[in-house]
Amino acid sequence: MSKSLIYSHLYAWYEVNRRNLPWRETEDPYAIWLSEIILQQTRVAQGLDYYRRFLARWRTVEDLAAADEAEVLREWQGLGYYSRARNLHKAAKMIVEKASPARGDGSIFPRTFDEIRALPGIGDYTAGAIASFAYNLPYPAMDGNVYRVVARLLDIDEPFDTSAGKKLFHNEIEKLLDRENPRLFNSAIMEFGALYCTPVLGDACATCPLSDFCLAHAHGTAELLPVRKPRPKVRDRWLDYHIYINEQMVNDQMVNVFTLIHRRENPKDIWYHLYEFPCEEHPNAPINDPYGEADRMNEVNKEMVNDKMVNVLHTLSHQRLHARFIIHKVSVLPQIEGTIAIPLSALDEYAFSRLTLRALDTLLPSLLR
Ligand code: SF4
């Protein structure tokens with residue numbers, strides 16, 4: 001396989017087809033890092049908005065380090081996987097604490113792969129992406145799209161998500177990497193996987209600029225690749241969230257509506273430091289669980305609403321949450337340890353999980369009426 005021919009075909013395709021994305025137009029490592037963390041498990045269209053807002057609010061790593069974690073979580077709200085936001089903030093603080101005087105370009109951002117890789121929330125992929133996009137250092141950036149392209153080009157049917165598979169793919173991409181132009185190579189192969197060599201190929205291979213070099217195309221195995229290890233079983237959980245509503249009347253006028261929330265305090269929890277309504281978990285499906293086996297198997301997110309309750313089915317990577325948000329209108333708020341009473345109108349000052357936000361989106365108009 002001629003690497004230089006692959007490069008020239010790939011780069012020619014990239015020149016014509018690349019998307020204009022703001023993080024491609026910069027070599028600022030802080031901006032590239034922000035984009036990479038936001039885009040983990042997030043679609044580009046959704047991530048764009050968050051990227052612009054974060055960058056407008058915290059222009060430099062020093063600005064982000066000086067922010068409150070609660071503010072960062074609130075800005076992150078809706079993106080899910082909140083450990084990403086917590087690590088982003090923690091890493092910004094570490095960078096500022098360890099910073100030696102700014103270099104000639106004024107940046108204090110770490111400059112080597114190993115320094116970048118040592119930051120919280122950064123794995124091999126993200127470190128490779130920042131090192132190559134910001135500094136043009138010769139490290140691969142293997143995201144899911146690149147695994148797919150490499151599996152097909154080389155017809156590798158080893159699962160790519162086991163440690164042996166990762167090592168094998170890493171060795172192959174190291175051999176394929178364009179060491180003269182790592183920034184261009186990584187950008188082009190990622191974009192090619194995202195836009196052209198996609199999971200469902202249709203008739204893409206027939207006109208593919210890399211088809212002459214593609215072993216899976218030659219062997220007729222492209223649609224079967226890449227191979228994943230078998231998925232772990234998804235666990236069902238049944239949760240009741242209690243939304244206590246206490247309306248306070250003064251001179252026949254309702255002046256405020258209070259409710260109870262508490263903050264999750266377990267550092268191992270994916271929703272660590274996010275707020276939620278008092279919650280109880282049932283070991284099994286409640287008798288009136290509205291979702292049957294068919295819904296659970298569909299693994300879709302959906303909501304069902306009535307006057308006093310909203311049911312939300314919410315899927316995470318290993319869990320399917322069957323949540324009921326139940327409204328209790330009370331004359332006195334109950335005493336529940338660890339909770340605080342807040343006006344309903346102040347809910348948007350607190351960061352909530354995507355699950356709770358989905359329920360609130362549906363319920364708030366009626367609660368605030
Ligand atoms: S020939 Fe098909 S499978 Fe091979 S790189 Fe091109 S699009 Fe992907």
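Derivation of every value follows stated rules applied to the coordinates shown; laboratory data play no part. In this text the structure is predicted, and so the values were computed from the model without any measurement. Glycine gets a Cβ as well: all are built from the backbone with ideal geometry, and neighbour counts include every protein chain shown.
In nanometres, what is the gap between the two model label sites at residue 94 and residue 179, each 7 Å from Cα along Cα-to-Cβ? It is 2.9 nm.
Computed over the chain, relative contact order equals 16 percent, with contacts defined as Cα pairs under 8 Å that lie 6+ residues apart.
Calculate the FRET efficiency for residue 68 and residue 24 from the Cβ-Cβ distance with a Förster distance of 30 Å, rounded to the nearest 0.05.
0.45
In the chain, the calculated helix contribution to ellipticity at 222 nm averages -12000 deg cm²/dmol per residue, counting -39,500 (n - 2.57) for every DSSP H run with n ≥ 4.
Largest GNM mean-square fluctuation among 126, 356, 207, using the chain with Cα springs under 10 Å: 207. Summarising the amide proton neighbourhood of residue 243: residues at separation of 5 or more, or on other chains, whose placed amide H is nearer than 5 Å comprise 326, 327, 328.
How high is the FRET efficiency between residue 361 and residue 223 when r is their beta carbon distance and R₀ equals 51 Å, given to the nearest 0.05?
For R0 = 51 Å, the calculated efficiency reads 0.85.
Phi-derived couplings, Karplus 6.51 cos²θ - 1.76 cosθ + 1.60 at θ = phi - 60°, listed residue by residue for segment 126-143: 5, 4, x, 5, 5, 4, 7, 5, 8, 10, 6, 7, x, 10, x, 10, 8, 9 Hz, with x used for Gly and Pro. Mean sequence separation of contacting Cα pairs (under 8 Å, at least six apart), scaled by the length of segment 161-289, corresponds to a relative contact order of 17 percent. A crude spin-label estimate for the pair residue 166 and residue 195, with each label 7 Å from Cα along the Cβ direction, gives 3.0 nm. So, R0 is 41 Å and r is the distance between the beta-carbons of residue 211 and residue 236; what FRET efficiency does that work out to, to 0.05? The computed FRET efficiency comes out at 0.40. With a cut-off of 13 Å between beta carbons, the residues surrounding residue 224 carry a summed charge of -1, where Lys and Arg count +1 and Asp and Glu -1. Length, then width, then depth: along the principal axes, the Cα atoms of segment 3-224 run 55, 36, 36 Å. Each residue of segment 169-174 was assigned a 3J(HN,Hα) from its phi angle through the Karplus curve 6.51 cos²θ - 1.76 cosθ + 1.60 (θ = phi - 60°); the sequence is 5, 4, 4, 5, 5, 4 Hz, with glycine and proline shown as x.
As a proxy for reagent exposure, ranking 23, 238 by other Cβ atoms within 10 Å from fewest up yields 238, 23. Toward the positive end of the charge dipole of the chain, with +1 on the Cβ of Lys and Arg and -1 on the Cβ of Asp and Glu, the farthest Cα among 47, 13, 311 is that of 13. By how many degrees, 0 to 90 and rounded to 10, does the Cα axis of helix 44-57 deviate from the longest principal axis of the chain? With both axes taken from Cα atoms, the answer is about 70 degrees.
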